[in-house]
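Some notes on the structure that comes next.
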Amino acid sequence: MARVLSIELGHSVVKICEMEHNAKKTKIYQCQEVITPKGAVMDGYIVDAKLKDLAYAIKETIARNGIKTKKVIYTVASAKIINREVTVPAVKEAQISSVIQANLGEYFPVSLADYEVTQSLIQTIADGADAGKHRVLVFAAEKAMLESYRKLAAACELDIVNVCCSG
């Protein structure tokens, strides 16, 4: 895999890490921190009025440190992201997403019209009564929150690879 930026936006600090990850190892080239402009990030949301200030701080840090990669993975810390660990029947890994989508109402008993849902495979159970079943972490984030990260990526002239959740 090529180099990628991992950017974690906190209330007070933005952490920017240039790294490369493949199946065997992760290599970190450099990590930088920059002060988050006051009021720019509120519980994971990027405030529209502060988007330009935040983008400038990130772009300036990237340029000052000679970072050339344009691919970014954002890490979001927010109480507004809901998650559930679920067990999915023994299906092929490519079918897990379909099973999750079919059962969303059971996992999240709220209207998901304004949410984007994704999942992450934790483990395929190897033995016992549940052998072959999959433990999956399912996330639901508000579309408005994710759109603010897309806007930030565009303002920073970066391409989003993924948006992850921390916590």
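Count, please, the residues in the stretch 72-108 that happen to be under 30 Å from Val14 (Cα atoms) and either of a type in the set (D, E, K, R) or touching a residue at least 60 places away in the same chain (Cβ under 8 Å) (or both). Selection size over the stretch 72-108: 12.
I'm checking my understanding of the structure. Among residues of the stretch 36-60 that are among the small types (Gly, Ala, Ser) and assigned to a helix (DSSP H, G or I), which one is farthest from Leu5 (Cα to Cα)? Before the answer, list the steps.
Residues of the stretch 36-60 that are among the small types (Gly, Ala, Ser), as a first pass: 39-40, 44, 49, 55, 57.
The next check asks that each one be assigned to a helix (DSSP H, G or I); those that pass are 49, 55, 57.
Details: Ala49: 24, Ala55: 14, Ala57: 15 Å.
By that ranking, first place goes to Ala49.
Restricting to the stretch 99-134, count the residues that are assigned to a strand (DSSP E or B) and within 27 Å of Tyr149 (Cβ to Cβ). Adding up the residues that qualify gives 8.
Can you tell me which of Ala40, Ala57 is of a type in the set (Gly, Ala, Ser), in contact with a strand residue (DSSP E or B) (Cβ under 7 Å, 6 or more places away or on another chain) and farther than 23 Å from Ile81 by Cβ?
Working: Ala40 fails: farther than 23 Å from Ile81 by Cβ.
From the options Ala40, Ala57, the qualifying one is Ala57.
Among residues of the stretch 148-167 that are in a helix (DSSP H, G or I), those with a beta-carbon under 7 Å from a residue that is open to solvent by 60 Å² or more (accessible area, probe 1.4 Å) at least six positions away or on a different chain give the pairs Tyr149/Ile160; Arg150/Ile160; Ala153/Asp159; Ala153/Ile160; Ala155/Lys52. The residue of the stretch 44-62 that is nearest to Ala140 (Cα to Cα), among those that are in contact (Cβ under 8 Å) with a residue 40 or more places away in the chain and either among the small types (Gly, Ala, Ser) or in contact with a His (Cβ under 7 Å, 6 or more places away or on another chain) (or both), is Gly44.
Annotation: Ile96 fulfils all but one of (1) at pLDDT below 95; (2) not in a helix (DSSP H, G or I); the unmet one is (2). The one condition from (1) among the aliphatic types (A, V, I, L, M); (2) assigned to a helix (DSSP H, G or I); (3) touching a Ser or Thr at 6+ places or on another chain (Cβ under 9 Å) that Ala63 does not meet is (3).
The values are calculated or read from the model by the stated rules, or taken from the named source; none is laboratory data. In this text the structure is predicted, and so the values were computed from the model without any measurement. FYI the Cβ positions are ideal-geometry reconstructions off the backbone, even for glycines, and counts take in every protein chain you see. The accessibility values were calculated without ligands, DNA or RNA, using every heavy atom of the protein model including side chains. Shrake-Rupley method; radii C 1.70, N 1.55, O 1.52, S 1.80 Å.
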